[in-house]
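Here's the structure, in structure tokens; my notes come after.
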Amino acid sequence: MIETELKRGPFVRELLGRSDYAIISELVAPGSRVLDLGCGDGALLAWLRENKDVDARGIEIDGAKVRRAIASGVSAYQGDIDKGLADYPGKAFDYVILSQTLQETHHPLKVLREMLRVGHHAVVAFPNFGHWQVRLAHLWTGRAPRTHLFPHRWYDSPNIHFLTVKDFEELVAQEGWKVETRICLASSHTIAAFHNFFSEMAVFLVKP
Amino acid sequence: MIVETLEAHFDSLALDCGEVIAPVRVAYETYGELNAAKSNAILILHAFTGDAHAAGICPETGKPGWWESMIGPGKAFDTNEYFVICSNVLGGCSGTTGPSSINPETGKLYAMEFPLITIKDMVRLQKMLIDSMGIEKLLAVSGGSMGAMQALEWAVDYPEAVAASIPIAGTWRHSAQQIAFNEVGRQSIMADPEWNGGYYDEEKGPGRGLAVARMIGHITYMSDESMREKFGRRLREKEKFGFDFEIDFEVESYLRYRGKQFIGRFDANSYLYITKALDYFDISNGKASLAAAFEHTTARFLLISFTSDWLYPSYQSQEIVSALRSRNRDVAYVELASNYGHDAFLVDVGEQTEVVKGFLASTLKAISKGKS
């Protein structure tokens, strides 16, 4: 079993090899109903189910991953998150999680609106396109930036909507939603200032 | 594992059509051990022409069960963990009361005096069997094809008695295409003069009509790919065409063989009655919508469909999943890649095993935590 306790402070541990998972695992209340969009092989959900006793559901488009998720006890559904939330009634979940996938969706705003329709809270984690290395890479090379956060070439990248911490916050304000928690990270440290410049990744807890 | 087919007897069974069958006999088999709390029972539901012999070896015929690959120690339905039950359906011809049983009122075979039955009736009889075993709640109900319909029906009709439902390669109602194939099969039987309005000798019967019906059925169970792989255009024991109407192609030989083999083990009237039950099936019957049909279900669901299944295409499972989600039911769904068509749930069980096993384990865990 993996240690759940996160130390408050600048240092963030990893859960299942990922610091965003560690943060998400802290944000989710025990015993709650959780829907994970793009749940992959269900590792996070299986962990939450096991350790936080949540009712764990997931949507994933890749059949092989769905298979592994179901095999690990997660109620996963093979489907497309760009279309897939319409079936759910309003406020069916306490948390709807979207981790490292927002930038891959075709209609990010629609997905976010749907998340906040079916969930009381949305947990959104995404890589920050405003990170200084991305900015520099673009400036110096004159090409589509490639960094360790965005390692893909322009033609084989799954990322189709690039966004920064600032962009996300503007959208939240524009839609009239409320940021409950914001955690910005670079490697395993939280960023205290100049978030949009220094953070590699951001995790937001948002409510309508 | 040598298994024996057992029998249970009930005084009567009231049917959807308004009639009553009395008495009723059910043939069934069990595998594994029922635990003291009677909480580890799984009911397996067979497809159209299946029977109670789902697993193990039949002592008389030496034949393995029809889902031998899925049921047994260490398999998907692990008999080291679970107590697995399978019964022959109402209207069948393998031990459970059907049109080829004796009508106690006349002392002759029921034949066409047997009342029309539904999937719901089949499930009602299974519930009587489960009750007689003292099992209050099944850990799971599962089956493919017609078995999937029964698995849905169980979750809808007896929500308090089912913790999990696993419908595989199924549908929530027969489509026009599915009804059409069944009608061709029925017409083939009824067009055979030996059918004689349903009153034929056990020994004779409409063998040719039944064989053709089976041939049609077999085509729908396979896929374009699996037929291409298995037969292609290969000729049967000849180098060139015979320029006659004897068998030229392998596929002709296979279908004729399958048809002939079927005559020996299946009753033509059962074919008629059960295909009607399939065609009547619509889980939303009398409800405002498919979603409304799931209003009172409490079971977890796992649905599985197969990419090359054109008899019960994936969209039909997806419609069920969609309706369950609209009621916020706990539902898992995966479409497995297979070239084997509708038969995949019987023959291509590797990935199916992985999924079913994990789903059952998590269901059992949730129950032991007191959540289900």
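The values are calculated or read from the model by the stated rules, or taken from the named source; none is laboratory data. Not measured: the values here are computed from a predicted model. Reconstructed Cβ throughout: ideal geometry from the backbone, glycine too, with neighbour counts over all protein chains shown.
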Which one is nearest to A:Glu114 (Cα to Cα) among residues in region A:35-76 that are within 9 Å of another protein chain (Cβ to nearest Cβ) and assigned to a loop (DSSP other than H, G, I, E, B)? A:Val74
Taking region A:77-133 and keeping only residues that are within 14 Å of another protein chain (Cβ to nearest Cβ), under 29 Å from A:Ile191 (Cα atoms) and crowded, with 22+ Cβ neighbours inside 10 Å, one is left with A:Val96, A:Gly119
What about B:Thr30, is it in a strand (DSSP E or B) and polar (S, T, N, Q)? yes
Output for region B:52-70, where each listed residue is among the charged types (D, E, K, R) and modelled with pLDDT of 95 or more: B:Glu68
Where a residue in region B:11-22 is within 12 Å of B:Leu125 (Cβ to Cβ) and its partner, wherever it lies, is in a loop (DSSP other than H, G, I, E, B) and of a type in the set (Lys, Arg), with Cβ under 8 Å and at least six apart: none
Note on region A:98-127: residues closer than 15 Å to A:Val206 by Cα, touching a strand residue (DSSP E or B) at 6+ places or on another chain (Cβ under 6 Å) and part of a strand (DSSP E or B) are A:Leu98, A:Ser99, A:Gly119, A:His120, A:His121, A:Ala122, A:Val123, A:Val124, A:Ala125
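Taking region B:55-93 on its own, how many of its residues are in a strand (DSSP E or B) and surrounded by fewer than 23 Cβ atoms within 10 Å (Cβ to Cβ)?
5
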Yes/no for B:Tyr315 being closer than 17 Å to B:Leu290 by Cα and more than 10 Å from every other protein chain (Cβ to nearest Cβ): yes
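So that you can scan it fast, the table gives a plain yes or no per residue for (1) modelled with pLDDT of 75 or more; (2) at positive phi; (3) buried (at least 22 other Cβ atoms within 10 Å of the Cβ):
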| position | (1), (2), (3) |
| --- | --- |
| A:Ile2 | no, no, no |
| A:Arg8 | no, no, no |
| A:Gly17 | yes, yes, no |
| A:Ile23 | yes, no, yes |
| A:Glu26 | yes, no, no |
| A:Gly31 | yes, yes, no |
| A:Asp36 | yes, no, yes |
| A:Asp41 | yes, no, no |
Please determine whether any residue of region B:167-180 is at pLDDT 95 or above, over 27 Å from B:Leu290 (Cβ atoms) and among the polar types (S, T, N, Q). no
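Of the residues B:Tyr333, B:Tyr280, which is at negative phi, of a type in the set (Ser, Thr, Tyr) and more than 8 Å from every other protein chain (Cβ to nearest Cβ)?
From the options B:Tyr333, B:Tyr280, the qualifying one is B:Tyr280.
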Check whether at least one residue in region B:185-205 is of a type in the set (Val, Ile, Thr), touching a Phe, Trp or Tyr at 6+ places or on another chain (Cβ under 8 Å), within 19 Å of B:Cys93 (Cα to Cα) and modelled with pLDDT of 95 or more, and report yes or no. yes
Leading residue by the ranking (nearest to B:Asp224 (Cα to Cα)) among those in region B:336-355 that are buried (at least 23 other Cβ atoms within 10 Å of the Cβ) and within 9 Å of chain A (Cβ to nearest Cβ): B:Leu336
Looking at region A:188-195, is at least one residue modelled with pLDDT under 95, part of a strand (DSSP E or B) and either buried (at least 17 other Cβ atoms within 10 Å of the Cβ) or under 19 Å from the mean Cα position of the chain (by Cα) (or both)? yes
Among the residues of region A:43-50, is there at least one that is more than 30 Å from A:Phe197 (Cα to Cα), crowded, with 24+ Cβ neighbours inside 10 Å, in contact (Cβ under 8 Å) with a residue 12 or more places away in the chain and in contact with a Cys (Cβ under 8 Å, 6 or more places away or on another chain)? yes
Reported set for region B:94-145 where residues are surrounded by fewer than 20 Cβ atoms within 10 Å (Cβ to Cβ), touching a helix residue (DSSP H, G or I) at 6+ places or on another chain (Cβ under 7 Å) and farther than 26 Å from B:Lys38 by Cα is B:Asn103, B:Ala111, B:Met112, B:Leu116
